[in-house]
Structure formats: C-alpha cells, structure tokens
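Okay, so here's the structure we're looking at.
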Amino acid sequence: MSTSTVESVRVRTIAIIGNPNSGKTTLFNALTRLRQKVGNYPGVTVEKKEGRITFHDGSEASLLDLPGTYSLTANSPDEKIATDILLGRTAHTTAPDSVICVVDASNLERNLYLVSQIIDSHLPVVVALNMIDIANSEGIKIDFNALQQQLGVPVIPTIASRKMGIDELKKTIETTPKSNGVVRKWSVPEVFARECDELIDLLKNYHKVSEPLAFHEALDLLTTQTPSPHQLDRFSYELMEHVKKDHRRLDFLGIDRQSVVIEARYKWINNVCAIAVTQTKHADMSLSDKIDRVLTHKVWGFVFFFALMTVIFQSIFTWAILPMELIGDGFDLLGQQITRVMPEGDLRDLIVNGALAGVAAVVTFLPQILFLFLFLGLLEDTGYMARAAFIMDRAMSKVGLHGKSFIPLLSSFACAIPGIMATRTIESPKDRLVTMLVAPLMSCSARLPIYTLMIAAFIPSTSLFGILSLPALTMLSMYLLGLTAALTMAWLLKKTLLKSAPPVFIMELPRYKLPSAKTILLKMWERARLFLREAGTIILGVSIVLWFLATYPRLENGTASEQINQSFAGRAGHLIEPLIRPLGFDWKIGIGLIGSILQREVFVSTMGTIYNIKNADEESGTLSLKEQMQNDKDPVTGKPTFTVLTAICLMVYYVLAMQCLSTVAVMRRETNGWKWPLFQFGYMTMLAYSVTFLVFRVGLWIGGGA
C-alpha cells in the first residue's frame, strides 16, 4: 500500500485542552455524544479518554481529552502528559492534527495564558469560548470578532451545558489549517529574544526538534533555574553548556529569567482584554463570594463542614433502612422458594446457604452505598468539594501536606483506588506518595456494609439531644477515625521517611452551580453496576468456596454447629484464633478476616454463609444475619460471641487495616514497584492490630472485665 493511501485512511486526531473548571469535559461529552472510551496512556498511569466526533459530511475524527492544565509548563503527571502529547514529545501518542482550547469566558484573562502558549507553538487551534452565559450574567461583554482578530485564530462562543455553538465549532474544526501561522505578538527584551531565537535554531538544526517543540524547549531552557533531568537526558553536553552561558549573560544584565516571559504574556493578554472585553456593570461581590464568606470562614467553615458530614451519615443510615429491608425480604423469599422446589441435598444447601446467603448479605447494603455516592456527587457537582479542600488546608498544613491532598482523601470515602489515582494532580513526588500511602485509611464504601451490620446489630437506637441518633454518631466516628489516622500517619511519614518542605497551596474555587441530575445518576448507576458485578462474580465465587470449606469434610453424625467446627474453614479459624483473641475476636471472625483480605465487604458475605450453615438444623431460616449474630453464644462459657465492644473493635480494625488487594495492585502500578505497596500493607496491618488491641483492653477495663 502506498504512503498516500495510508495517509488517506488515517483517522484525524483532535486534542481538546483547557484550564480546570473551564467546562472542557462537558464540551467533550457534547462533541462525542458520550461515544467514548477510557483507559490509561501506555507506560504511565494517567487516564486517557478518547471519543469519536462526527462532522457534517459524515467523516469522523478521534477526539482526545487531555488532562486540565493552566499552562504548558508541566508540574504534575497530568500536566506533563498533556504538554508532551500536545507538543509531539511522546512515542505512544502522535501529535494531534488540531487543537480545541476551551476558555472560560467569565475568566478570560487567566485562560488566555494557555491559549497564548498553544498559539506560539504554531499548533492549529480553535478557541471554544465557553460559558458565555455566565459571563453575560456577570456583566462581561466580549466582542468575539475583536478577540478573534487579536488572537489570530478562530474563536467560537459556546455554552457546552446547553449544546449551544457545537455545530459551528465542528464546522470550524473541519476547515482548520495545518498551522496557525500567527506571529508572536508579545515581546521580551531584545537580548532575551536573541538568545531564544539562537536556541531555537540550534534545537532545530542539531537536535532535529520540530518547530512547535523547539520554541517551547528554548523558553523552558532559558527560564529554568537549574537544568532538569529531562533536559540533561534530551540534549547534548554542548547545548547545555551554551544554555549555561546564556543564563550567566542574562543574569548579569539583570533580567529575571523566570518571570520575564510570564510578565510579557500577561502584558499582551491585558491589552487583548482591554480591546475585546467590556464590563457593563459594577463588579459587585458575586453570590459565590457571598456564600464563601461563610463556608470558607476559619471557624464557620469547619462548623458547616462537620455539620454537613453529620447530616450525610445520619441520612445514609436512616434513609436506607426501608430499601435494605425490602432487598433482604426479597432474598429471603427467593431462598424459601428454592428450598420448596429443590430436593434436600448438597446442591440445595450450596445455592441457599452458600451462594445466595453470601451474595444477599452484601447486596442488602447497596442502598447505603448509593446514598453515599449521591451525596459525594452533590458535593462535587455543586462546587463545594473545592471549598472542603480549602478549609481543610489549615489542618493539612499541620501535617506537612496541603489542601490539594484532601481531594484524593475525600474521594477515598467512595473508594481508595480513584482516590490514589487522583493524587496525580499533586506536583511534589513526596507529597503525592504520602497521600497515596494514607488514602486507604479513609473509610471507603466497601467498609459501609461492615459498619452497618455491626451498628444495626449491637449499637442501641437511642438519640442524643433529640436530633442525632447513636448509630449515626457511631458511623460518623468511624469516618473521623479514618481521617484522624490518615492525618497522623501523614505527619509521621513527612517527619521521617518522606521529609520535604511544606508546599504552598493555591487553588481555584469554581462557582457554585446547580448539580446535574443526569451526571449524578450516571455516577450512581456506574457504582451500582460495579457493586453488583462484584457481588455476582468475586463475592459469589468466595461464597461458594467458603461453603465448600465450611461444609467439608463431612461428619457422619453431628450437628451443623459441630460440622462447621470440624470443617476446613473451622480448622483455619481455630488455628488463627490465638492470634486474634487479644482483639476480642473468635474463630468465626477469623475466617471473615482471612476471606476479606481480597475485599472488605467479603466479611459480611462470609458471616452470612457461616451462620446459615451453622444454624442449618435450627429454626432460624427466617432470622436475618443480624439476629443470628445477636443470638450466637460461646458453647463453652455460654456468653454472647458478639458484644457492643466486639462490634466496636471489629469496626476499628476495618477502619485501619488494608484488606483490599485491588488497592495494593493500584499502588504497585502507581509507584512502579512493590516497595511502597508492601510497606503500606504492613504498616496498616500493624496499626489496625495495635489500635484494636488498645480499644479492646480499654473497653474491658471500663466494663470491669480487665
């Protein structure tokens, strides 16, 4: 096949880039109509999102959603991958044929900095001037023609959330030239410009660097305080010596190399805005600013945050009761129907007491997990998540981290895996590693079934002050324990293994907005689908294996309780019982601890299977798992197997223990080795054991049993 034929069938690639909170993802969804796939870039852990865009003539192109960035000067892994792909610096992804740069119309001055960098690199670019409705509401009037003339590239006004301007944007992309050909309009001191042009020629002629990349690299080399490992690896010794001479010459002339380009760009941007932008009404304090005076206050901000968390957990616990009971009743009815139609034997026992009991014990808690994701979605979509990070910066700074670390930690309330992946926005490698190491201490949704089971069975349903129930307060305490443990371990790590200076925290607070019901419901559906898929695969598989281990070897004559004691699972539980007895746990809990190393919620399905088998010959077929655990007695002492203290100790253990091999696997991928994942698993296990032991001993002492 000829080269021309290959070229004719090659799918065109368009990159979409923009500042965080500019509406880039909303525009990406509107252009692709959700025809997209998500993966990772080869060799790195940064998320890669691609979609298909269809033009008016029926042709298609690949639309690549690059991570949000404020500039092409990369500080974090996300920003680096965006810059490298845009400038054609990666082997795994070809440089895009054209670029859509999404700009927040209500914050034009800040957003144009990235636009100026893309234009200077001669990349074919179309500016999508997004959120013009918000700009208009704030009295910001933009002359689109004047702005387009000043920039020298097409400018298309859009409102991505309403799909306005999408068709015009597509038409403009179709006719975008291969290079914008715009002459740089901002100026720097002549001596700096001369050194820059000389470096560009050296890079192009001797290092075969492309025109867009040569300009970017030249500026990077001249403005960097000291050469980076990337620069030393890429360029020859002779070139780096030339750069050092340029540094000495510019420093001698009193030119601030680090700020000269930034100041020059913003001077030009200010002139552009003066020509194209008119403020039609006084810049009074916006509604967002008025709300933030309370929600980011150094006192009232914390009060509101903890009050909000309390309301959320109170709601999760109370609102989910009815749907949980309905799901539980549905599984009971299904079990009764299977028992009625199937003949007695191992197969029926496997289905009812093994598979069904294990899956039902976990799926019953789906409503609580959905409520948790509903509230997290509301916090994120309204813009409050960024405020939470801002007010928590004061607490985070005490342990050597900053508020940007709080967003991954808050995300870990849902699941530690996306929480760990969210650390990619943290610039400092040590701060990123510390955040990853403590993220699994936050109480994820997998712990929720364990908390709920223990609280519902053993924490009295009394209310405090007539408002907050004791069960809700207990659940809130588990989440606060995880947060406290995460901050404490972060402080220890920053003081010992991962010492570094406390970073400066700068964060943009997005405007408050009404949440998108469609977006939140999609997230809830995705979580429900993932949870049910795990229940239908991993938890079902574990339940079947556990049924086998708890049923065999068979006793010729003996009760179900004696049978499970002598089973493979019973023997394993009795084997580790001496190790966990100091924590107040018996052999049955030991089986649950072993099974849930894979996933925490497996503990609940394990208890469901064990108690269904243990009580198979008793009149307990209609009793819930909660009631069976409440009625369980030690056969030797006659004392209850589970008490309030046992339940608290079990919850504390699961707050602090790793108990999730999927998180270990993600840590291994993110850190490119086994050193830190094994360290994380080890320290969390030791922390869980020691704190649970302390809680148990103190509990016995308070109860007079020590």
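No value in this document is a laboratory result; all are computed from the given coordinates. Please read these numbers as outputs of a predicted model, since none were measured by experiment. Cβ sites come from the backbone with ideal geometry, for glycine too, and all protein chains shown count toward neighbours.
About the Cα centre, and with charges only on the beta carbon of Lys, Arg (+1) and Asp, Glu (-1), how big is the dipole of region 190-254? Nearest 20 debye, please. Can you show the working numbers first?
Numbers: 8 positive and 13 negative charges, 28 e Å.
For this selection, approximately 140 debye.
For region 562-686, averaging the sequence separation of C-alpha pairs within contact (under 8 Å, six or more residues apart) and dividing by the residue count gives a relative contact order of 21 percent.
Suppose R0 equals 22 Å. What FRET efficiency, 1/(1 + (r/R0)^6) with r the Cβ-Cβ distance, do residue 462 and residue 319 give to the nearest 0.05? Plugging the Cβ-Cβ distance into 1/(1 + (r/R0)^6) gives 0.70. Name all residues of region 89-129 having a backbone nitrogen under 15 Å from the label point set 7 Å from the Cα of residue 186 along its Cα→Cβ direction, giving them as ranges. Once the point is set 7 Å along Cα→Cβ of residue 186, 108-122 turn out to lie under 15 Å by backbone N, inside region 89-129.
Please report the net charge: other residues with Cβ closer than 14 Å to the Cβ of residue 448, K and R +1, D and E -1.
Details: positive: 447, 527, 600; negative: 534, 601.
That works out to +1.
Please sort 387-395, 593-601 by packing, taking for each peptide the average over its residues of neighbouring beta carbons within 10 angstrom, highest first.
Working: 387-395: 19.6, 593-601: 21.4.
With the highest mean Cβ count within 10 Å placed first, the list reads 593-601, 387-395.
Note that region 314-419, at 20 °C in a medium of 1.002 mPa s, gets a Stokes-Einstein diffusion coefficient of 127 µm²/s from its Kirkwood radius over C-alpha pairs. Working from label points 7 Å from Cα in the Cα-to-Cβ sense, the residue 256 to residue 497 distance is 4.0 nm. The trypsin sites (Lys or Arg not before Pro) found in region 110-193 that occupy coil by DSSP, while having at most 13 further C-beta atoms within 10 Å, are 178. Rounded to the nearest 20 debye, the dipole magnitude of region 443-586 is 800 debye, with +1 charges on Lys and Arg beta carbons, -1 on Asp and Glu beta carbons, and the Cα centre as origin. Taking a virtual spin label 7 Å from the Cα of residue 178 along the C-beta vector, which residues in region 193-207 bring their backbone nitrogen under 20 Å of it? Those under the cut-off are 204-205. Computed extension gain for residue 94 through residue 694, at 0.36 nm per residue and net of the alpha carbon distance, reaches 210.3 nm. Taking 15 Å as the cut-off, the amide N atoms of region 388-421 that come nearer than this to a point 7 Å along the Cα-to-beta-carbon line of residue 298 belong to 391-398.
Ranking 650, 255, 147 by Cα position along the charge dipole of the chain, where only Lys, Arg, Asp and Glu carry charges on their C-beta atoms, puts 255 farthest toward the positive end. The label-point distance for residue 241 and residue 470, in a model that sets each label 7 Å from Cα toward Cβ, rounds to 8.0 nm.
Between residue 141 and residue 52, what length comes free when the chain is fully extended (0.36 nm per residue of separation minus the Cα-Cα distance, one decimal in nm)? Walk me through the intermediate numbers first.
Values: separation 89, 0.36 × 89 = 32.04 nm, distance 3.32 nm.
In short, 28.7 nm is gained.
Using DSSP to call loops (not H, G, I, E or B), can you name the chymotrypsin sites (Phe, Trp or Tyr not before Pro) in region 582-688 whose Cβ has at most 10 other Cβ atoms within 10 angstrom?
Working: sites: 585, 587, 603, 611, 642, 653, 654, 674, 679, 681, 683; in loops: 585, 642, 674.
Of the chymotrypsin sites (Phe, Trp or Tyr not before Pro), not one in the loops of region 582-688 has a Cβ with at most 10 other Cβ atoms within 10 Å.
For semi-axes √(5λ) of the Cα gyration tensor in Å, computed directly from the structure shown, the correct entry in (i) 45, 34, 23; (ii) 56, 27, 26; (iii) 61, 31, 23 is (ii).
About the Cα centre, and with charges only on the beta carbon of Lys, Arg (+1) and Asp, Glu (-1), how big is the dipole of region 106-194? Nearest 20 debye, please. Before the final figure, lay out each step's value.
Numbers: 10 positive and 9 negative charges, 39 e Å.
Magnitude of the dipole: close to 180 debye.
Please give the per residue volume of the convex hull enclosing the alpha carbon atoms of region 190-254, rounded to a whole number of Å³. Show your work: numbers first, answer last.
On the way: hull volume 4.8 nm³, N = 65.
Cα convex hull per residue, to the nearest whole number: 74 Å³.
Divided by 2.2 N^0.38 Å, where N counts the residues, the Cα radius of gyration of region 9-174 comes to 0.98.
Across the chain, the relative contact order, built from alpha-carbon pairs under 8 Å that are at least six residues apart, equals 10 percent. Neighbour counting of Cβ atoms within 10 Å sorts the residues 33, 257, fewest neighbours leading, into 33, 257. On the beta carbon distance between residue 291 and residue 477, with R0 = 30 Å, the FRET formula returns roughly 0.55. Relative to the longest principal axis of the Cα atoms of the chain, the long axis of helix 237-252 makes an angle of roughly 70 degrees.
Helices in the chain, meaning DSSP H runs of at least 4 residues, each add -39500 (n - 2.57). Divided by all residues, the mean residue ellipticity at 222 nm is -18500 deg cm²/dmol. For the Cα trace of region 590-675, dividing Rg by the Kirkwood Rh returns an Rg/Rh value of 1.11.
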